[in-house]
Structures are given as C-alpha cells and as structure tokens.
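The structure appears right after this line, and notes come after that.
The values are calculated or read from the model by the stated rules, or taken from the named source; none is laboratory data. Nothing here was measured: the structure is a model prediction, and the numbers come from that model. Note: ideal-geometry Cβ built from the backbone for every residue, glycine included; neighbour counts use all protein chains shown. Ligands, DNA and RNA are excluded from the accessible area calculation, which covers all protein heavy atoms including side chains. Shrake-Rupley method; radii C 1.70, N 1.55, O 1.52, S 1.80 Å.
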Amino acid sequence: MQYVREEDVKFIRLTFCDVFGRQKNISIMPQELSRAFDYGIAFDASSVAGFGDETRSDLLLRPEPGTLAPLPWRPEHGRVVRMFADIARPNGSPFKQDTRKILKKAVEDAEKAGLRFFFGAEQEFYLFTTDEAGRSTRIPYDEAGYMDMAPEDKGENIRREICLTLEQMGICPESSHHEEGPGQNEIDFRYSDALTAADQAMTFRTVAKTVACRNGLTADFSPKPLINHPGNGFHINISVKAQDGSNQMDSMISGILLHIREMTLFLNPGENSYRRLGKCKAPEYISWSAQNRSQLIRIPAAEGEYRRAELRSPDPEANPYLAFALIIQAGLDGIRDRLPLRPPVNENLYQADSSRLALLELKRLPASLEQACRAAADSSFIKAHIPPAILDAYCNR
C-alpha cells in the first residue's frame, strides 16, 4: 500500500485465470486496496469457464502482495500494477477450481515429503502480421530459420522488447532465439520454485502478446498454427532437491513416465494439440534418453544445480498451474514408491521404421483429445488431484 501511494499507482489489476489457463483480471482503484486485502473483491464466477453456473456465482479475489509488479507499457504517471489473486468463496473457504491453489497444494505435499521441485519453462510462439483491423493474417513475420540472425530474423527486436519489459517486472529471461518455423520464436527462463515459474509463464504470455500488438503483430501460442511447419512447444525443465541430500531424479522421472498418459489432457488440452505430437521434434512415444530430442523426456547436457529433466510433450495452451501440479504429484508417486528408471531409448524415434518401433514395444501418448479425455477420466491419479468440475470442463466443453 505504501508502494501504491509513493509510485502514483492509480489502478491495481487483480489477476487470475480460468481452469484452462486463460488470464482474467479486475481493475480496482487504490482506495479499494485495503478492502481487497481484508475481505476480497467480489466477481461473477458464472461467466468464467469451469467456475460453475449462476446458482453459486459469487466468488472473491484476494490479492497476494508478493506478486505485485508494474505494467511497464501503461502510463508512468497514474501507473498500473498487477497482483495475482487467490480465489475464495464468500465464507472464506478456498475455491476448489482455483488452479493456482491446486499448485500450492502440490508444493505443500512435496514439502511434507522433504522435497522441493523447481521448474524452468521454454515457450515457443509465432509472430504473424495483422490486417487493417488488427486481426492475425497467419502470414509469418519473417522467413528465418533456427537461430538465424538479423536481418533474416525480424523477430530479434520484438524478443528484445519482450525481455526488457519482463526485466522491468522483476522477471529475468535466460535466453531467446529464432525457432525453426517462419516467424517462430522461443524465450527461455531460468529455473525457480514451482509457483514463481507458473506465474512467470502466465506473465510471459501476456507480455509477448502485448509487445507484439504494440508493434502491429500477433503473438500466437497455439500448438499448431501452421500445418506444414513446426508446432509450438512448452518444454518444461524439472529438477527435485531432497532435504536429506539424496538423488531422487530417476524416481521422479519414473513417476512422470508412469502417469504421463493420464496427465496428457492437461498438458495438451486442445484438438490442435494432437496435430503437433509426433511431428517436428514433438514426441509421440513414452520414453526417455540423455540429450535425445526425439524422446518424451530428455536429460540435457548439464551438471550440478543445472541437471534436470526436460518434458517435451506439453504445448503453450496448457494451464501451467495444473501442469506443474500434476508433474509434482507424479514425481512424488515415483519417489515414494522408489520406482526404478527403465532403460533409455538411445535412438532417433523420428527415423525408426515400423519394425524397429515394434521391437522397442513403446507405449504411445494419446493420439487425440478424445483418447486423452478417456485416459484422464479412467485415472485414479487424476481423480485424486483434479477436482471433478475441472475434469468435466476439459472433457465436455
């Protein structure tokens, strides 16, 4: 509240997301901030996807002050700031479809087991030109390829502006570059705790779209915006640290491999998601290996604190709060049960012929949204960690 007074803040955006990870917000004036902290700000939940109908539609947003960040693209005088908000019922009880709260619960479960999980996100997106009305044309902003430089890479200045804007909000990206597709870009983030990493993933999408719009472009995070070009991935780097100093990486990976089919609905939530899997370095089989980018999980070449597992199947339509929560719970299952890690598949699955794939006897990820829904609906693991209303929203929208 002192910051709001001293920095001439005139609007405070209380930010949350629906069950699919689409961001929402309410703007309040500074004089309402005390009430927001003490009681919460009411909103109509019946119009938010997955939040229920009109019969119990009143919910409250309670801001989390540690997430306050300025929005640098808004005016310097009469500034605008943002805070993520928890969602509660009028009686003060937590709202079960608050996916940020679901991630907080997973973090608490891990801490009770003496474990801390860390995540680093790599998100890809396309830059498309727009027409006179500002609508996306599906015409790529450039024709550059993987890690090309300017002048072929026209997205260089856009990525720079995105990174500098994030830095002004207290978020420091690790690296950025042009991706394989025409007009396709990637910005990566250094690892952090699960909740911070999920908040940063959400903030990044907003900033990328805002910066693109200010430059007359559209930032498209959909899984497969161009049929004959690479899809957009949301590669998730995961590491785990145990209080007793033990190495739990292998068991964590085993737990993720065990539950990945059931989790896929929440990692790849749209019909378009399944046009990406199995093509252009997007995995199709449930397997792992060191460094090999044809696998579902790979162990990148890194040592010490940077050693991690990279899950390559998710796409940017995933709600990061649900994705990270399920990854933690799956990893916990593997660690509790001391699951041994199956042998790696050290070959290029994109080039293997059908006879070789048959010999490997690898299980596949769901090949369609329908298959993913069926796997989730039949899963005791999903039912234990995802509220029925969220599962129903994903399978019956």
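Under the simplified labelling scheme, the ARG135-ARG5 pair shows an inter-label distance of 5.0 nm, with each label point 7 Å from Cα along Cα→Cβ. What the stretch 199-260 shows is 34 Å² of accessible area per residue, with the surface traced by a 1.4 Å probe over protein heavy atoms.
Note on ASP378 and ALA49: with the Förster distance fixed at 25 Å, the Cβ-Cβ geometry gives a FRET efficiency of about 0.60. Across the stretch 59-93, the residues whose backbone nitrogen lies under 15 Å from the label position 7 Å along the beta-carbon direction of MET29 are 78-79. Distance from the Cα centroid of the stretch 231-307 to that of the stretch 318-365 is 7 Å (rounded to whole angstrom). Along the axis of the charge dipole computed for the chain (Cβ charges of +1 for Lys and Arg, -1 for Asp and Glu, origin at the Cα centre), the listed residues PRO70, ALA212, LEU258 are led at the positive end by LEU258.
Among the cysteines of the chain, those with no neighbouring cysteine Cβ under 4.7 Å are CYS17, CYS163, CYS172, CYS213, CYS280. What a 1.4 Å probe finds exposed on the stretch 183-304 is 46% carbon and sulfur by accessible area, rounded to a whole percent. Only Lys, Arg, Asp and Glu carry charge here, each on its Cβ (+1 for the first two, -1 for the last two); on that basis the stretch 256-385 has a dipole of about 140 debye about its Cα centre.
Given their separation in residues at 0.36 nm each and the Cα-Cα distance between them, ASN348 and ALA242 gain 34.9 nm when the chain is fully extended. Using the rule -39500 (n - 2.57) for each DSSP H run of four or more residues, divided by the residues of the chain, the 222 nm mean residue ellipticity is -10000 deg cm²/dmol. Let's test the formula: R0 of 45 Å, r as the Cβ-Cβ distance of LEU341 and ARG89. What FRET efficiency results, to the nearest 0.05? Plugging the Cβ-Cβ distance into 1/(1 + (r/R0)^6) gives 0.60.
If I take R0 = 30 Å and measure r between the Cβ atoms of ASP392 and GLU64 in this structure, what FRET efficiency does the formula 1/(1 + (r/R0)^6) give, to the nearest 0.05? Computed FRET efficiency for ASP392 and GLU64 comes out at 0.60.
Taking 0.36 nm per residue of separation and subtracting the current Cα-Cα distance, fully stretching the chain between ARG214 and ASP38 would add 59.7 nm. Of the solvent-accessible surface of the stretch 27-102, computed with a 1.4 Å probe and all protein chains present, 48% belongs to carbon and sulfur. The charge dipole of the stretch 158-216, taken about the Cα centre with unit charges on the Cβ atoms of Lys, Arg (+1) and Asp, Glu (-1), comes to about 280 debye, rounded to the nearest 20.
How much accessible area per residue does the stretch 51-185 have, in Å², with a 1.4 Å probe? Counting only protein heavy atoms, the per-residue value for the stretch 51-185 is 50 Å².
Each Lys and Arg Cβ is given +1 and each Asp and Glu Cβ -1; about its Cα centre, the chain then shows a dipole of about 740 debye. Of all lysines in the structure, the ones whose alpha carbon falls short of 19 Å from that of LYS209, not counting any fewer than 8 places away in one chain, are LYS24, LYS154, LYS224.
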